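One structure is given below, encoded as structure tokens.
The values are calculated or read from the model by the stated rules, or taken from the named source; none is laboratory data. Bear in mind that the values here come from a model prediction, so they are computed numbers and not experimental data. All Cβ positions, glycine included, derive from the backbone under ideal geometry; neighbour counts span all protein chains shown.
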Amino acid sequence: MGERNEARERFANLCAFNKLVIGGTIFPHTRIHKATWISPDHTTENQIDHICINKTFRRTLEDVRTRRGADVASDHHLVVANLKLKLKKNWTSVQTALQRFNTAFLRDTDKLNEFKIALNNRFQALHNLLKEEETIVWSTTGKASRKH
């Protein structure tokens, strides 16, 4: 491959200043898949095009190579990188996940009886709704609904 010139030095300094990592030279490939530019007479090959990526995502870079058959209207070959992104789950807040019930008030017998009555009323309302639905189904179809 070719030698480093002033433009490549400036590019390396720019990447170092902005905490970017240069990819493309660390992956083992054949010589033809590393060269990004080939001279018109096909005697000189250089790797003059690179990929730069944020330093925090450098572990996601899996492979960098050139695609020689791409029609990009240039004397350079297309440089392609494979990335493997790792997405994190979006966790809800801890307070909603660890919601605790206050059971201390159930030790008082009066409050315990009130709670039982309220709970029975709720279940009775659900039971009544179910009975209503069953009678509607019975009246419309003429058959009792069966659960399979």
Counting only residues that are touching a strand residue (DSSP E or B) at 6+ places or on another chain (Cβ under 6 Å) and basic (Lys, Arg), which one in the range 23-64 is modelled with the lowest pLDDT?
-> Arg58
From the set of residues in the range 47-66 that are of a type in the set (Asp, Glu) and part of a strand (DSSP E or B), which is nearest to Ala35 (Cα to Cα)?
-> Asp63
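For the range 67-77, how many residues are assigned to a strand (DSSP E or B) and either farther than 16 Å from Gly23 by Cα or modelled with pLDDT of 80 or more (or both)? Before you say what the answer is, go through the steps one by one.
Residues of the range 67-77 assigned to a strand (DSSP E or B): 67, 76.
Adding the requirement that they be either farther than 16 Å from Gly23 by Cα or modelled with pLDDT of 80 or more (or both) leaves 76.
Qualifying residue count for the region: 1.
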Counting only residues in the range 79-107 that are at pLDDT 80 or above and under 30 Å from Gly23 (Cα atoms), the one surrounded by the most Cβ atoms within 10 Å (Cβ to Cβ) is identified as Val79
